[in-house]
Amino acid sequence: MSRLNTANETLAKEIIARYPRPKSALIPLLHLAQEQDGYVADDAMLHLAELVGVEPAEVLGTCTFYEMFKREPVGKYILNICTNLSCQLTGGEELLHHAEKTLGIRPGDISDDGLFTIEDVECIAACTEAPCMQVNYRYEYRLSTDDFDQVISDIRAGKRKDLPEHGTLGLVRQHIPADRLAGIESPEEAGTPDWFASRQPAPDESGKA
Amino acid sequence: MSTTESTEAVTGVPFFLNGQALSANDGELLIDACERNGVHIPRFCYHERLTPVGMCRMCLVEVDTGRGAALQPSCMLPVTPEMKVNTETEATKRAQSGILELFLINHPLDCPVCDKGGECPLQDNAYAFGPGETRFVEEKRHYEKPIPISDLVNLDRERCILCDRCTRFSKEVAGDPLIHFIDRGNETQVNTFPDHPFSSYFSGNTVQICPVGALTATPYRFKARPWDLTATESTATVDSTGARIALQSSRDEMVRVLGVDSEAVNWGWLSDKERFSYEAANSDARLTEPLAKAGSSFDSIRWNNAIGQTAKALSIGSDRVGVLGGARLSVEAQYVWSKLLQGSGISNVDANIGDGIAADLVLGLPKTTIAEAVAPGSIIVLMAPDPKEELPTLFLRLRHAAVESGVTIVEITPTATSLTTHASLSIHPAPGSLGAVTEAMANQLFGTSVGGVDGSDLEAVAATIAKGSTDGSNVTVIVGRSNLAESADFVSDAVQSLLRLAPEAKFLPALRRGNLMGALEMGLTPEFGPGGNPSDEPGLDTEAILRAAVNGKIDTLLLLGADPIADFPDRNLVTSAFNEVNTVVAVDTFLTDSSARADLVLPAAGFGEVDGSFLNLEGRLSPLQAKVTAKGQARDDWMIAAEIAESLGMDLGFTTLDEVRSDLSASIPSFGAVDWDALGRSDDGPLLDQGRTWSVDFGSRTEVPAVDGYGLALAVDRKLWDQGTMIHNSATLAELPEQAQLSVSAIDFEKLGVRDGEVVTIESGSIRADVGVVADTGLPRGTARIHFRLPGLDIGELIDCEQSVTTIRVAR
Ligand code: SF4
Ligand code: FES
């Protein structure tokens, strides 16, 4: 769809300034683009390429490496339902089928109201709380089908203000004052880190250091 | 060799290869150390000229460094003392076979219709090391079969084994990361950004280094099978870098050019112009028979008739003949022509078509080699056109020097170039002020700005260049004509000043035209005879010949492969000259803008059709070898000259190429030691002894023109893809030139108050032309740039070479 809007472009420049090399900012910038449009648009990638001084192909390479960056529009809320072992044993598959039936969509599709996309995911590292689901990457634990219905109706009723839209992961909006930025010199200039320099060389066979 | 061996013995790293005690160089990778000792380890991703990445794991061998044998990728492992390496063990063989089985899971078995089949590393390794059969019965990965990723390159993602060679090359070597790995895991593919084609000048190299048939070149696709090809070693003649190539043909037709790794010159890389412009040789537009003008068209005539008429036109009176060109010819042909012209007393001879730098700068300045210029710690002063556009393989070496070897690059150019981002300092003197800017540096006058360059920038550049004298750094000036709309005299002035600033500086002439170095060495220039000896009675240069023609003082114009109507910067002067002369004789391979206006056209054998040699910008001699028979009745240039000589009653004394060569060696001292038969055997080629010790006569300095406050000073340079004859006649390349544009700085653009790309009228004197205008951050204020010889605008019409700079006014 579009390039970053003016406010986001300003924020993008602030994010870029946090890194010793502009292109290191690509991942937070991709989050920003996704937050703006709901997905990472081609034009947004072209804009990011200009902002960090790389070729668009390099932005595309970074973007497509990560599942969580969407290159096509998705629902406002992504429901990641786990069907890996622990969840499957405790009803993950059933939960997925229930979700498909309730929302009338298959994994990858967007519901008619534009609110939901279901994804069938592998382990999301909450096996002790199985079966589980993420809504825009925020967890819902030990979910029954009724609990699922409740989540959906709460979202529809606008009661879930705790969930960010489009799944943006928060850190892009941190405002760190310039004097508190850490480690911003480039690796070439940084020299040997203290923890490394302080290590004793390994003794050789004769036992000398 | 013996000295290297003895040092190796001292500094080498002792290791064991299959039980044999050997020695590796310091830091040498195991895969290289094994190769050097005669053990080939199979590989896909490793390439000597690219950073090792360990992508493919084909190179696993068993290595024991004291902790027991383990499989290790030999391309990622520097040899360490006492390392025990075994490339023959059962474990190694199983690993190799396993890796190949994994590769073949997704690789399609379409070898019978694959261009790579027959010369494919995957095929070869599968035969030599693979399991012979697969256990994989599932469906392979599928992608749309080849997708064009540029006009020249096609990508078949099913065949790709993800070795990262093409992507690494584009990023590391070419600096054009337009292709990248996209997606992840089993879905990983190489691709471009949507609608952003892989339009790198160096894209063909990825096709050459792809270890499978995933990347194929449009000009070669389905043209031949590798086992039908025969090859010979030769030299690329499209510019003066002299990149070494292998020329391949099938059924007497050139079908492919591959880069050969010459340590001294091109490191195996080629630009797409060097790689693909062979297509022109096969073009139907080639001249195949002698032609004589009959009204507005041509009649074909017999060779003896053509030779006779040419001889007659040349014997009109030696000062009434002008000869232009010669850079297309082999050194041998240049020598024979030079002898013929000398014998006829003709001295108005110029291989520079008014778009280069003075011959004495090329022949007289202290020379260096590419390797010395880019040695770590050196300083390079770029006072030449953008090397990426004119000398692209040299550009790769320069870029590598700046990025990898810490070479300092200083630019003194009219506009930003492709090296600007790698240069430590760039100054852009306004057209006409190149001499003044360098003179201010030589005089250490940094108080005021000169030619639009701040005093502080002048001081910084001067200090860097002067380092050669202060700390002994190697300083190389790459000198060329960066602005065709500016007098070449400014370049001479600037060189004179730079020599005062850095007396030890060495020079590399940025000659664009193929064998121009050879032509100047062989005396196809008004001021020098063969071997660079100054003539007693210098003749006229191109501009003077054309002026003499306009004034009725030249009757015969002989074009040796030159196309002055297209190449000479001042279009009006050259067309008036053509209108005035009685007879124009062209020896050429195509009907060009100029040869189409000739009275007599003699068809010459071209690239790939003649044996001979080539002298590159360093003065390095390399072979040109015939691979196919010449088109139609076209003949070797030297034979044409010899026949004309005979017809004039002169005996040059040669009937064979060998005789030409021994005469050449005998009469030109720098060629005395050349072993002609060995030329094709070494990848580097001998560097001719540059033993001359005469100084350049710089003459008086050129006056700095007054600045027209309302106009923009014009900077005219060239693009790689222009409407040149070879490109125009190569089917795949012909469409690549972009439309001409006027570029101005952002400030000037704002002052014009136009939209991006809007068409404006430019005028110089009484001449006007229309062209689209864009803003370009690489331009200094007050300078406007237009590329020469692009479709849409003939900028030569606005250039008057009597003016030392060209100023244009822009109107909406
Ligand atoms: S296209 Fe060829 S060179 Fe590029 S990654 Fe694939 S196999 Fe390697
Ligand atoms: S050649 Fe060593 S991993 Fe590819």
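The values are calculated or read from the model by the stated rules, or taken from the named source; none is laboratory data. Because the structure is predicted, anything quoted here is derived from the model rather than measured. Cβ sites come from the backbone with ideal geometry, for glycine too, and all protein chains shown count toward neighbours. With ligands, DNA and RNA removed, areas are computed over all heavy atoms of the protein, side chains included. Shrake-Rupley method; radii C 1.70, N 1.55, O 1.52, S 1.80 Å.
Observations
- Contact order normalised by residue count of chain B, Cα under 8 Å, 6+ apart, percent: 13 percent
- Distance between modelled label sites at A:I176 and B:N533, nm, 7 Å Cα→Cβ extension: 7.4 nm
- For the range B:362-509, the share of alpha carbon pairs falling in successive 10 Å distance bins from zero is 12, 47, 36, 4 percent.
- Spin-label zone in the range B:344-384 - amide nitrogen under 19 Å from a point set 7 Å from the Cα of B:S318 along the C-beta vector: B:344-351
- Relative contact order computed over the range B:3-88 (Cα-Cα under 8 Å; 6+ residues apart), in percent: 35 percent
- Here the peptides B:588-597, B:656-665, B:559-568 are ranked by packing, the mean other Cβ count within 10 Å, and the order with the highest first is B:559-568, B:588-597, B:656-665.
- Average partner coverage of A:40-50, which counts Cβ from other chains inside 10 Å: 1
- Computed label-point distance, nm, for sites B:H142 and B:S405 using a 7 Å Cα→Cβ extension: 5.1 nm
- In the structure shown, the pairs B:K367/B:K467; B:K223/B:K273; B:K273/B:K367; A:K23/A:K70; A:K76/A:K101 are assessed against 22 Å; a Cα-Cα span above that value is assigned to B:K273/B:K367.
- Over the range B:3-88: Rg over Rh, Cα atoms, Kirkwood Rh: 0.95
- Angle in degrees between helix B:637-647 and the longest Cα principal axis of chain B, rounded to the nearest 10: 40 degrees
- Computed over protein heavy atoms with a 1.4 Å probe, the accessible surface of the range B:518-591 works out to 30 Å² per residue.
- Solvent-accessible area of B:K223, all protein chains in place: 110 Å² (probe radius 1.4 Å, heavy atoms, ligands and nucleic acids excluded).
- Judged by the mean number of other Cβ atoms found within 10 Å, the most tightly packed of the peptides B:385-391, B:802-808 leads the ranking B:385-391, B:802-808.
- Percent carbon-and-sulfur accessible area, chain B, ignoring ligands, DNA and RNA, probe 1.4 Å: 49 percent
- Rounded if a/c under 1.5, otherwise prolate or oblate - chain B, Cα gyration tensor axes: prolate
- Whole-number Å³ per residue for the convex hull built on Cα positions in the range A:77-156: 72 Å³
- Surface accessible to a 1.4 Å probe, per residue, for the residues of the range A:77-156, Å²: 49 Å²
- Greater than 19 Å apart at Cα, pairs in B:K116/B:K631; B:K312/B:K339; B:K145/B:K171: B:K116/B:K631; B:K145/B:K171
- Percentage relative contact order, the range A:77-156, counting C-alpha pairs under 8 Å, at least six apart: 37 percent
- Size of charge dipole - chain A - debye, nearest 20, with Cβ of Lys, Arg +1 and Asp, Glu -1, no other charges: 520 debye
- Cα-Cα P(r), the range B:712-811, percent of pairs per 10 Å interval: 15, 47, 29, 8, 0
- Amide H to amide H distances under 5 Å link B:I245 with B:S234, B:T235, B:A236, B:V260, where only residues 5 or more positions off or on other chains count and H is placed in the peptide plane.
- 3J(HN,Hα) along the range B:76-93, derived from phi through the Karplus expression 6.51 cos²θ - 1.76 cosθ + 1.60 where θ = phi - 60°, amounts to 10, 10, x, 5, 10, x, 6, 4, 10, 10, 10, 9, 10, 5, 4, 4, 4, 5 Hz, with x in place of Gly and Pro.
- The Kirkwood hydrodynamic radius of the protein assembly as shown, based on inverse pair distances between different Cα atoms, is 32.4 Å.
- Phi-derived couplings, Karplus 6.51 cos²θ - 1.76 cosθ + 1.60 at θ = phi - 60°, listed residue by residue for the range B:153-161: 10, 10, 10, 10, 5, 5, 7, 5, 9 Hz, with x used for Gly and Pro.
- For the range B:716-725, 3J(HN,Hα) per residue [Karplus equation, 6.51 cos²θ - 1.76 cosθ + 1.60, θ = phi - 60°, Hz, x = Gly/Pro]: 10, 9, 10, 9, 4, 8, 10, 8, x, 4
- In degrees, nearest ten, helix A:145-156 long axis to first principal axis of chain A (Cα): 80 degrees
- Close amide H contacts of B:I409 (hydrogens built in the peptide plane, cut-off under 5 Å, sequence separation of 5 or more or a different chain): B:I380, B:S424, B:L425.
- The contact residues of the range B:148-184, meaning those that lose at least 30 Å² of 1.4 Å-probe accessible area when all protein chains sit together rather than their chain alone, are B:K171, B:P177, B:L178, B:H180, B:I182, B:D183, B:R184.
- Which of B:A769, B:W721, B:V805, positive extreme of dipole for the range B:712-811 (C-beta unit charges): B:V805
- Accessible surface of the range A:77-156, 1.4 Å probe, proportion on carbon and sulfur as whole %: 47 percent
- Student exercise, the protein assembly as shown dipole from Lys, Arg, Asp, Glu Cβ charges, in Debye to nearest 20: 560 debye
- The label-point distance for B:Q723 and B:S576, in a model that sets each label 7 Å from Cα toward Cβ, rounds to 2.3 nm.
- Accessible area buried at the A-B interface, both sides summed, 1.4 Å probe (Å², nearest 100): 1200 Å²
- Positive dipole terminus of chain B, leading residue within B:S277, B:A645, B:I370 (C-beta point charges): B:S277
- Amide proton proximity set for B:R789, modelled H, under 5 Å, gap of 5+: B:I795, B:G796
- Listed residues B:V238, B:A24, B:G295: farthest to the positive end of the dipole of the protein assembly as shown (Cβ charges): B:A24
- Buried on complex formation within the range A:52-90 (loss of at least 30 square angstrom of accessible surface versus the isolated chain, 1.4 Å probe, ligands and nucleic acids ignored): A:E55, A:P56, A:A57, A:E58, A:L60, A:G61, A:T64, A:F65.
- The range A:6-71, accessible surface, carbon-and-sulfur percent (1.4 angstrom probe): 53 percent
- A viscosity of 0.890 mPa s and a temperature of 25 °C, combined with the Kirkwood radius over C-alpha pairs in the Stokes-Einstein formula, give the range B:231-274 a diffusion coefficient of 234 µm²/s.
- At 0.890 mPa s and 25 °C, Stokes diffusion of chain A via Kirkwood alpha-carbon radius, µm² per second: 124 µm²/s
- A simple charge model with +1 on the Cβ of Lys and Arg, -1 on the Cβ of Asp and Glu and nothing else charged puts the dipole of the range B:42-92 at about 220 debye relative to its Cα centre.
- Nearest-ten-degree value, helix A:26-37 long axis tilted from longest Cα axis of chain A: 30 degrees
- Convex hull per residue volume in Å³, alpha carbons only, for the range A:6-71: 72 Å³
- By the helix-only formula, in which each DSSP H run with n ≥ 4 contributes -39500 (n - 2.57) and the sum is divided by residues, the protein assembly as shown has a 222 nm mean residue ellipticity of -8000 deg cm²/dmol.
- Principal axis dimensions, largest first and in whole angstrom, of the range B:431-587 by Cα: 57, 34, 27
- Accessible surface area normalised per residue over the range B:384-454 is 30 Å², counting heavy atoms of protein chains with a 1.4 Å rolling probe.
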